[in-house]
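The values are calculated or read from the model by the stated rules, or taken from the named source; none is laboratory data. Not measured: the values here are computed from a predicted model. Glycine also receives a Cβ, built like all others from the backbone with ideal geometry; neighbour counts cover every protein chain displayed.
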Amino acid sequence: MAEEPVLIWGAGAIGGILGAYWARAGRAVEMVDIEAAHARTCSIEGLQIEGPVEEFRQVVKTVTPGEVKGRYRRIVLAVKAQATKSAMTLLLPHLAEDGYVLSAQNGLNERLIADMAGPGRTMGAFVNYGSDWQEPGRILFGNRGAVVIGEIDGKIRPRTREMHEWLQVFEPEAVLTEDIWAYLWGKLGYGAMLFATALTPDSMSANFADPARIPTLIALGREVMAVAEAEKVTPRGFNGFDPKAYAPGADEAAARASIAALADFTAQTAKTHSGIWRDLAVRRRKTEVDPQIGVIAQIAQSHGIATPALTRLVALIHDIEEGRRPQSGETFAVLSEALGPEVPGAEVPSSGVA
């Protein structure tokens, strides 16, 4: 019998790389993407993976959502967070009764997936490798990063081990965890900082290395970690991000050391800017700020926790999306102002461009 294929819903920066690696390894994989030209190129000419990690072209059967046939036991959801609900509506008829959806996304999308598909048909994943969709049939693979998989209820099942083995085909260091929420909340802390870097034209590493911006980046990490603590989650670290350094009561020196480690990590990738920056500066489209950052502020409100930096960050990203502000050092300074004069350097805008 032929191997049952894994269906990847979303063949962009995350899903496209997984699909190309799996197909190259001889695994049965199919992909779905809303961009017809991208789907056609992947199916006929092949998906070109570019960058310093590895370069190759791989044909992967890819269709648009309306062309999907049959039902699948394993579906990897790799769309932008704000597209989760619409994508789930389209894919649910194709999910087998005993199947599951693995969220290979940024944010807490497992919550929505569980609401729509059922908790027993939901699996979580954390990915931090650097990649960018360039154009139909081309994806930049800028650097390797942490990859983690786990069930949302913390139990490790045969299906979890099976999917972990698939991920090891792409990333041999992939981790199987009993606490996927710890990694997801860790990524939210780092992600808040990446949204802040997208307020400027500068690279990620230039932002992390700018002394004037460090206090604000630390404040963002602290707000996220305070909410995680209220949610009774102990976030896990990865690739230079140390959640304990931003926990309530943590020493500032530890946070600064973590920022320095992030500056070093992001300086060693061909992906110089975040996908958030790319959405704003290159693709001119809405970002994931509401389902990634806005949701943290909402959860914080339910605990009576103030999040001035996160709330201002969401507003500033919307300003850029809607053309009211530019991506600039001055816009970052507006974020710093939300924290008041007690934050050192908050009043000092930096204009250096990496």
Next on the checklist: Any residue that is more than 30 Å from Ala297 (Cα to Cα), more than 21 Å from the chain's Cα centre (by Cα) and surrounded by fewer than 17 Cβ atoms within 10 Å (Cβ to Cβ) - is there at least one of those in segment 82-95?
Outcome noted: yes
Checklist entry - Is it the case that Ala300 is in the same structural domain as Arg213 (by TED's automatic domain parsing), surrounded by fewer than 20 Cβ atoms within 10 Å (Cβ to Cβ), touching a residue at least 60 places away in the same chain (Cβ under 8 Å) and not β-branched (Val, Ile, Thr)? => result no
Checklist outcome for this item: All-but-one check, Gly294 against (1) in contact (Cβ under 8 Å) with a residue 60 or more places away in the chain; (2) over 23 Å from Ser205 (Cα atoms), failing number (1)
Item to check | Residues satisfying the stated conditions in segment 28-45, i.e. farther than 17 Å from Arg74 by Cα, surrounded by fewer than 17 Cβ atoms within 10 Å (Cβ to Cβ) and among the small types (Gly, Ala, Ser) | outcome: Ala36, Ala37
Checklist entry - Which one of Val59, Val29, Val68, Val53 is β-branched (Val, Ile, Thr) and touching a Pro at 6+ places or on another chain (Cβ under 8 Å)? => result Val29
Next on the checklist: For the list (1) assigned to a loop (DSSP other than H, G, I, E, B); (2) without any contact (Cβ under 8 Å) to a residue 40 or more places away in the chain, I need the number of the one condition that Thr89 fails.
Outcome noted: (1)
Item to check | Qualifying positions in segment 145-173 - farther than 16 Å from Gly19 by Cβ and either at pLDDT below 95 or not charged (D, E, K, R) (or both) | outcome: Gly145, Ala146, Val148, Ile149, Gly150, Ile152, Gly154, Ile156, Pro158, Thr160, His164, Pro172
Next on the checklist: List pairs: first residue in segment 272-289 and under 16 Å from Ile14 (Cα atoms), second residue surrounded by fewer than 19 Cβ atoms within 10 Å (Cβ to Cβ) anywhere in the structure, Cβ distance under 6 angstrom, at least six positions apart or on different chains.
Outcome noted: Asp279/Arg285; Glu288/Gln82
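Yes or no, residue by residue, for (1) out of contact with any helix residue (DSSP H, G or I) (no Cβ under 9 Å at 6 or more places or on another chain); (2) farther than 16 Å from Asp153 by Cα; (3) of a type in the set (A, V, I, L, M); (4) assigned by TED's automatic domain parsing to the domain that holds Tyr100:
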position: Leu167; (1), (2), (3), (4): no, yes, yes, yes
position: Phe170; (1), (2), (3), (4): no, yes, no, yes
position: Gly189; (1), (2), (3), (4): no, yes, no, no
position: Ala198; (1), (2), (3), (4): no, yes, yes, no
Checklist entry - Since Thr234 meets every condition but one in (1) surrounded by fewer than 21 Cβ atoms within 10 Å (Cβ to Cβ); (2) of a type in the set (Ser, Thr, Tyr); (3) in a helix (DSSP H, G or I), which condition does it not meet? => result (3)
